[in-house]
Amino acid sequence: MIIDSRKLNLEHPLETDLLIIGAGPAGITVAKQFANTSIRVTLLESGGESYDYAAQDLNRGITTGLPVEPLDASRLRLFGGTSNHWAGWCRPFEAEDFESREDWPESGWPISREDLNKYYNTATKLCQLPTNKFDDLNYWRSQPGGSKLNKLNLNKKRLLTSIFQISPPTRFGEAYHKELKQADNIRVILNATVLELLRSNNSSINTSTKTISGARVTTPDKLKFTVNARITVLAVGGVETSRLLLLSTNVHPDGAGNENDLVGRYFMDHPWLRSISYLRFQKPGTNWPLYFDKTKVADTKIFATLTPSPELKKHEHIGGFRLWLRPSRVSSAGLDSARTIINDLKQGQLSDDLTEHITNIFSDVDTLADVTYKSLFQTRQSPFLHTKKTNDPYLGAFIDLNIEQRPNPDSRLTLDTSIDIFEQQKIKLDWRLHDTDWHTAKTALNIAAQEFGRIGAGRVHVPLEGNTPDWPALITSSNHHMGGARMASSPNQGVVNSNCRVHSVANLYIAGSAVFPTSGYANPTLTIVALSLKLADHLLEALS
Amino acid sequence: MKLIKNKKIGHSLKINRRVFLYTSISLALSGSVALLDSSRTVPLISTEEKLLSILNDKSSAIIIGKAILNKPNNLEETNLINLILDLFDLSYASINTISKSDLATRFCFQVQNDFDKDNIVSVLGWRLGLTETLLCVLAAKTYEG
């Protein structure tokens, strides 16, 4: 059943076995695992079935620190959640992403990649991908459309070719609407915004392990109601999870699960340096379809990125990263000249070859306009760069870089003093990086330059210099909100345990990327779905 | 007569042998000296030109070379050609005999080796192999004085 909160009979609290808050990929994944069981499931969604400005407004927040996209633009509040504007990039986290590293004391998951393997297999299906053979190039080559795909001959101790599959993308609200609607035991309530979690009457605020009775909810008309549940799952994304926990001060004065001041801390994203480098080809006309195009093969699209080997990460003490190439039919001379002039001006000088540089800038004005536009407006698209014919040879490739940021307790979500329409404090995001992240970014580009030089592909321009972080203005987030309720074996180090249960609350679980202790380099959705499947397995057992 | 003749012949043969020997030794010695000298006396520009002939884009090479020379370096004092020849595993003698295509092959191999061994130089933000960087400096010094 799918129903609007305004049509509910709100005279009495709603009763359910399993309350899931949030109908994005995580919430829907957990809910659908219970379809047609004897367990009563209530799935609450703050938005409706389609985009609604009033609901979306609730996503507004305050951002400080490094630039991120506005919080009401990077997330969606409607049935299906942020999957409604998801780009679809899928890849599991690497085995080493789950491991503890001596040089990163904040690293390590209390579960291993092996624990997630079977769930990753199911998750690939839920994300409508044809196979879990991500890096098996022989498989892709054997499929229609795949014969032209070849890997670069990279030194495997430095860089690896890591293949992403692109989901259609799955809009979880659309894809699983029918299944949820038809399941007798599942009740989806739309336009139901949770205001706070409620502590059970028989649970003292001072005990180390509390229980909650459910949640206090409001309709868009501000009619309040309560949902009582044996178990509650928060599945509201990497930002809203911290907000709801912090707002739930009747569970604990500092917020539910926040006995150790960890809720909201260790917020992570994948810092994105767009067109940060340029690879100028040694041979014009170089074409690497596996790395340049999202190739349609075997009912999906695949795309390769360059990622660090485990040895490189260990040796250089860096995080993960992915480099991806966007081929260009225009030269980068204008861009280089502009950078040279800017650098000279910063030092109070004028270049000896000023005339030559200005000529380059004029001849490459399209490229410059394109890069400037994208940097200024933080967008992937620009109205420029359409002047070159598609049969012109590729002269080079712009390099985009996403890195895994080292977990940083000072990168955090807190409650702001401003309030929303329901008089709830808005969230404030202060996204910060660690000095290690600068080293990761610099090393990534230098290693790429080394490997492209070694294989005779071309030369790379690396604009990051020096040992002190000096992030270029074009750095931005990838809208991959992670952390804030990290997973750890000990309550002193994390908010949830290996089963995603809040350490200090016996019947409160968290589904989604908020629990990630580290972020790897891969997009989080596939791992969110895999973890949600694991959680659903655990809850099926607990509730049965 | 025959004897005289023979003697004459013999004598003349003996003289010729001596002349031949002396001449040969002299020639050999002078040739060696000439060969040795040739490496010093043949204008260096020919070796430079041979090395620089493998550059596809001389103007870019000069810009890069100038950028390196504009920064503090010790390349003025260093014999660039010796350095480059060493990297190519060539001598002054063999540079004259090696074909341009063989030289280009050695260059490519050496540059790739530079990248593999992390002999990488940053010039104006571009990451270049040591060997190609030295060639750029040589180009700047040769063509721009």
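The values are calculated or read from the model by the stated rules, or taken from the named source; none is laboratory data. As the structure is a computational prediction, the values presented were derived from the model and not from experiment. In this analysis, Cβ positions are derived from the backbone assuming ideal geometry, glycine residues included, and neighbour counts consider all displayed protein chains.
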A:VAL460: passes all of (1) touching a residue at least 40 places away in the same chain (Cβ under 8 Å); (2) surrounded by fewer than 19 Cβ atoms within 10 Å (Cβ to Cβ) but (2)
Within the stretch A:270-292, which residues are within 26 Å of the chain's Cα centre (by Cα) and either assigned to a loop (DSSP other than H, G, I, E, B) or among the small types (Gly, Ala, Ser) (or both)? A:HIS270, A:PRO271, A:SER275, A:SER277
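From the list A:LEU244, A:LEU159, exactly one residue is in contact with a strand residue (DSSP E or B) (Cβ under 7 Å, 6 or more places away or on another chain) and within 14 Å of chain B (Cβ to nearest Cβ). Which is it?
A:LEU159 is the lone residue from the list that is in contact with a strand residue (DSSP E or B) (Cβ under 7 Å, 6 or more places away or on another chain) and within 14 Å of chain B (Cβ to nearest Cβ).
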Tell me, yes or no, whether the stretch A:483-496 has at least one residue that is part of a loop (DSSP other than H, G, I, E, B), surrounded by 21 or more Cβ atoms within 10 Å (Cβ to Cβ) and within 14 Å of chain B (Cβ to nearest Cβ). no
Can you run down the residue pairs with Cβ atoms below 6 Å, 6 or more apart or on separate chains, where the first is in the stretch B:88-104 and modelled with pLDDT of 90 or more and the partner is of a type in the set (A, V, I, L, M)? B:LEU103/B:ILE54; B:ALA104/B:ILE54
Among the residues of the stretch A:181-225, which ones are in contact with a strand residue (DSSP E or B) (Cβ under 8 Å, 6 or more places away or on another chain), touching a residue at least 24 places away in the same chain (Cβ under 8 Å) and of a type in the set (Lys, Arg)? A:LYS181, A:ARG187, A:ARG199, A:LYS210, A:LYS224
Selected residue [surrounded by fewer than 17 Cβ atoms within 10 Å (Cβ to Cβ) and at pLDDT 95 or above] from A:ILE403, A:ILE421: A:ILE421
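Tell me, yes or no, whether the stretch A:481-498 has at least one residue that is more than 20 Å from A:ARG412 (Cβ to Cβ), in the same structural domain as A:VAL41 (by TED's automatic domain parsing) and in contact with a helix residue (DSSP H, G or I) (Cβ under 9 Å, 6 or more places away or on another chain).
Yes, some residue in the stretch A:481-498 is more than 20 Å from A:ARG412 (Cβ to Cβ), in the same structural domain as A:VAL41 (by TED's automatic domain parsing) and in contact with a helix residue (DSSP H, G or I) (Cβ under 9 Å, 6 or more places away or on another chain).
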Taking into account only those residues within the stretch A:62-81 that are assigned to a helix (DSSP H, G or I) and farther than 17 Å from A:TRP272 by Cβ, which is farthest from the chain's Cα centre (by Cα)? A:ASP72
Say we look at the stretch A:448-467 and pick out the residues that are touching an Asp or Glu at 6+ places or on another chain (Cβ under 8 Å) and more than 15 Å from B:GLN112 (Cβ to Cβ); which of these is nearest to the other protein chains (Cβ to nearest Cβ)? A:HIS461
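Results for (1) touching a helix residue (DSSP H, G or I) at 6+ places or on another chain (Cβ under 6 Å); (2) part of a loop (DSSP other than H, G, I, E, B); (3) within 18 Å of A:LEU43 (Cα to Cα); (4) at pLDDT below 95, shown as yes or no for each residue.
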{"residue": "A:ILE189", "(1), (2), (3), (4)": "yes, no, yes, no"}
{"residue": "A:VAL194", "(1), (2), (3), (4)": "no, no, yes, no"}
{"residue": "A:ALA215", "(1), (2), (3), (4)": "no, no, yes, no"}
{"residue": "A:LYS222", "(1), (2), (3), (4)": "no, yes, no, no"}
{"residue": "A:ARG230", "(1), (2), (3), (4)": "no, no, yes, no"}
{"residue": "A:GLU240", "(1), (2), (3), (4)": "no, no, yes, no"}
{"residue": "A:LEU244", "(1), (2), (3), (4)": "no, no, yes, no"}
{"residue": "A:HIS252", "(1), (2), (3), (4)": "no, yes, no, no"}
{"residue": "A:ALA256", "(1), (2), (3), (4)": "yes, yes, no, no"}
Please verify whether A:THR305 is touching a Phe, Trp or Tyr at 6+ places or on another chain (Cβ under 6 Å) and in contact (Cβ under 8 Å) with a residue 60 or more places away in the chain, treating the condition exactly as stated. yes
Which numbered condition A:TYR509 misses (of (1) closer than 23 Å to A:SER309 by Cα; (2) touching a Cys at 6+ places or on another chain (Cβ under 6 Å)): (1)
Kindly indicate whether any position in the stretch A:428-442 is within 14 Å of chain B (Cβ to nearest Cβ), surrounded by fewer than 22 Cβ atoms within 10 Å (Cβ to Cβ) and either in a helix (DSSP H, G or I) or among the polar types (S, T, N, Q) (or both). yes
Please verify whether A:ILE163 is in the same structural domain as A:PRO308 (by TED's automatic domain parsing) and either closer than 29 Å to A:PHE79 by Cβ or in a strand (DSSP E or B) (or both), treating the condition exactly as stated. yes
Scope the stretch A:17-61; condition part of a strand (DSSP E or B) and within 30 Å of A:ARG432 (Cα to Cα); matching residues: A:ILE21, A:GLY61
Filter the stretch B:84-109 for residues that are of a type in the set (Gly, Ala, Ser) and in a helix (DSSP H, G or I); the one that is nearest to the other protein chains (Cβ to nearest Cβ) is B:ALA104
Just for the stretch B:50-68: of the residues that are in contact (Cβ under 8 Å) with a residue 40 or more places away in the chain and more than 20 Å from B:ILE120 (Cβ to Cβ), which one is farthest from the other protein chains (Cβ to nearest Cβ)? B:LYS50
Residues that are within 11 Å of chain A (Cβ to nearest Cβ) and either closer than 23 Å to A:PRO463 by Cβ or buried (at least 17 other Cβ atoms within 10 Å of the Cβ) (or both): does the stretch B:69-83 have at least one? yes
What tally of residues in the stretch A:116-157 results from selecting those that are of a type in the set (A, V, I, L, M) and over 24 Å from the mean Cα position of the chain (by Cα)? 4
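This table checks each residue for (1) under 16 Å from the mean Cα position of the chain (by Cα); (2) within 20 Å of A:LEU262 (Cβ to Cβ).
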position: A:SER478; (1), (2): yes, no
position: A:MET487; (1), (2): no, yes
position: A:GLY494; (1), (2): no, yes
position: A:SER498; (1), (2): no, yes
position: A:VAL515; (1), (2): yes, yes
Residues within the stretch A:76-97 that are among the acidic types (Asp, Glu) and touching a Pro at 6+ places or on another chain (Cβ under 6 Å), tallied: 1
Test A:PHE281 against the stated conditions and say whether it is assigned by TED's automatic domain parsing to the domain that holds A:THR161 and either charged (D, E, K, R) or surrounded by 18 or more Cβ atoms within 10 Å (Cβ to Cβ) (or both). yes
Counting only residues that are within 10 Å of another protein chain (Cβ to nearest Cβ) and part of a helix (DSSP H, G or I), which one in the stretch B:110-145 is farthest from B:GLU48 (Cα to Cα)? B:ASP116
Can you find even one residue in the stretch A:393-416 that is closer than 21 Å to A:LYS314 by Cα and among the hydroxyl-bearing types (Ser, Thr, Tyr)? no
For B:ASP114, are the conditions met, namely being acidic (Asp, Glu), assigned by TED's automatic domain parsing to the domain that holds B:GLU49 and closer than 28 Å to A:ILE276 by Cβ? yes
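Per-residue answers, yes or no, for (1) modelled with pLDDT of 95 or more; (2) in a loop (DSSP other than H, G, I, E, B):
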| position | (1), (2) |
| --- | --- |
| A:GLU114 | yes, no |
| A:TYR120 | yes, no |
| A:THR124 | yes, no |
| A:ASN138 | yes, no |
| A:PRO144 | no, yes |
| A:LEU154 | yes, yes |
| A:LYS157 | yes, yes |
| A:LEU180 | yes, no |
| A:LEU198 | yes, no |
